[in-house]
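The values are calculated or read from the model by the stated rules, or taken from the named source; none is laboratory data. Keep in mind the model is a prediction, meaning the values are calculated, not measured. A quick note on method: Cβ atoms are made from the backbone with ideal geometry, for glycine too, and the neighbour counts reach across all protein chains shown.
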Amino acid sequence: DTAVSQTPKYLVTQMGNDKSIKCEQNLGHDTMYWYKQDSKKFLKIMFSYNNKELIINETVPNRFSPKSPDKAHLNLHINSLELGDSAVYFCASSQRGGVETQYFGPGTRLLVL
Amino acid sequence: DAKTTQPNSMESNEEEPVHLPCNHSTISGTDYIHWYRQLPSQGPEYVIHGLTSNVNNRMASLAIAEDRKSSTLILHRATLRDAAVYYCILRVQGAQKLVFGQGTRLTINP
């Protein structure tokens, strides 16, 4: 069973469109994250949710809106897509506190044309 | 978050040990040293972490200098599947985010 899953794996869309990426974890963790990896391969955190509550928002544009319907899901909705949004988006989860390991999903490769 | 410095790339041969260095001269007493790796076209995966003492697990060993200003990830017998980008990350206990640097791209030659 996949611990952290993301859909879709690939997403190709036009500028200006709105799209969503879904993430689910079956590890029973209470904290979930979204990271972005750009074309230069730098990985950077975007958001962190703990028990459906937003904990970290790393100055991400308002066009990005995470939504956590429950502890096991953290979806990422992006409005008015721009060329610079092209990247690989990784979802991750962990148990809050301590130095708990983060488990990452396989990534969603977004290409904005 | 304290900064880490790693070589951009390293190369080794299959079935030989690999020592991946990481400098973190500004580490604070509450910073844990974490290592993650990212295989091609995959998400990062946890490798190992430690605070002061050396650590071993099934994947690797972590050797931490006595002054904690540097550490070394040791892969005892590299395989082709170990080819990845290895990230050394400092993380305060309880801190949620991982701050990734550029990492070390490890190439394993058959």
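Output yes when any residue across region A:89-110 is at pLDDT 95 or above and away from every other protein chain (no Cβ under 13 Å), and no when none is.
yes
Yes/no matrix, rows are residues, columns are (1) under 11 Å from the mean Cα position of the chain (by Cα); (2) among the hydrophobic types (A, V, I, L, M, F, W, C); (3) at pLDDT below 95:
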residue	(1), (2), (3)
B:Leu39	no, yes, no
B:Gly43	no, no, no
B:Thr104	yes, no, no
B:Thr107	no, no, no
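Could you say whether any residue in region A:71-87 is crowded, with 19+ Cβ neighbours inside 10 Å and assigned to a loop (DSSP other than H, G, I, E, B)?
yes
Please go through region A:28-61 and pick out each residue that is within 13 Å of chain B (Cβ to nearest Cβ), exposed (fewer than 13 other Cβ atoms within 10 Å of the Cβ), part of a loop (DSSP other than H, G, I, E, B) and in contact (Cβ under 8 Å) with a residue 12 or more places away in the chain.
Matches in region A:28-61: A:Asn51 only.
Which residues, taken from region A:88-113, are assigned to a loop (DSSP other than H, G, I, E, B) and among the hydroxyl-bearing types (Ser, Thr, Tyr)? Before you say what the answer is, go through the steps one by one.
Initial filter on region A:88-113 (assigned to a loop (DSSP other than H, G, I, E, B)): A:95-102, A:105-107, A:113.
Across region A:88-113, the qualifying residue is only A:Thr101.
Here is a list of conditions, (1) without any contact (Cβ under 8 Å) to a residue 40 or more places away in the chain; (2) more than 14 Å from chain A (Cβ to nearest Cβ); (3) closer than 20 Å to A:Phe104 by Cβ, and B:Ala65 meets all of them except one; can you say which number that is?
(3)
Starting from residues that are at pLDDT 95 or above and over 13 Å from the mean Cα position of the chain (by Cα), keep the ones in region B:10-37 and report whichever is farthest from the other protein chains (Cβ to nearest Cβ).
Within region B:10-37, the match that is farthest from the other protein chains (Cβ to nearest Cβ) is B:Glu15.
Just checking, does region B:88-107 include any residue being within 20 Å of A:Ala92 (Cβ to Cβ), within 14 Å of chain A (Cβ to nearest Cβ), among the aromatic types (Phe, Trp, Tyr) and free of Cβ contacts under 8 Å to residues at least 40 places away in the same chain?
Step one: of region B:88-107, the residues within 20 Å of A:Ala92 (Cβ to Cβ) are B:88-103.
Those still in the list that are within 14 Å of chain A (Cβ to nearest Cβ) too: B:88-103.
Retained after the next criterion (residues that are among the aromatic types (Phe, Trp, Tyr)): B:100.
Then drop every residue that is not free of Cβ contacts under 8 Å to residues at least 40 places away in the same chain, which leaves none.
No, every residue in region B:88-107 fails to be within 20 Å of A:Ala92 (Cβ to Cβ), within 14 Å of chain A (Cβ to nearest Cβ), among the aromatic types (Phe, Trp, Tyr) and free of Cβ contacts under 8 Å to residues at least 40 places away in the same chain.
So is A:Ile21 in contact with a helix residue (DSSP H, G or I) (Cβ under 7 Å, 6 or more places away or on another chain), surrounded by 13 or more Cβ atoms within 10 Å (Cβ to Cβ) and either more than 12 Å from every other protein chain (Cβ to nearest Cβ) or under 28 Å from B:Thr104 (Cα atoms) (or both) or not?
Details: in contact with a helix residue (DSSP H, G or I) (Cβ under 7 Å, 6 or more places away or on another chain): no; surrounded by 13 or more Cβ atoms within 10 Å (Cβ to Cβ): yes; either more than 12 Å from every other protein chain (Cβ to nearest Cβ) or under 28 Å from B:Thr104 (Cα atoms) (or both): yes.
Answer is no for this residue.
Kindly establish whether A:Thr7 is hydroxyl-bearing (Ser, Thr, Tyr), within 11 Å of chain B (Cβ to nearest Cβ) and touching a residue at least 40 places away in the same chain (Cβ under 8 Å).
So A:Thr7 fails the test.
Among the residues of region B:45-78, write down those that are more than 10 Å from the chain's Cα centre (by Cα) and of a type in the set (S, T, N, Q).
Answer for region B:45-78, where residues must be more than 10 Å from the chain's Cα centre (by Cα) and of a type in the set (S, T, N, Q): B:Thr52, B:Ser53, B:Asn54, B:Asn56, B:Asn57, B:Ser70.
Every residue in region B:34-59 that is surrounded by 21 or more Cβ atoms within 10 Å (Cβ to Cβ) and either small (Gly, Ala, Ser) or out of contact with any strand residue (DSSP E or B) (no Cβ under 7 Å at 6 or more places or on another chain) (or both), please.
Answer for region B:34-59, where residues must be surrounded by 21 or more Cβ atoms within 10 Å (Cβ to Cβ) and either small (Gly, Ala, Ser) or out of contact with any strand residue (DSSP E or B) (no Cβ under 7 Å at 6 or more places or on another chain) (or both): just B:Gly43.
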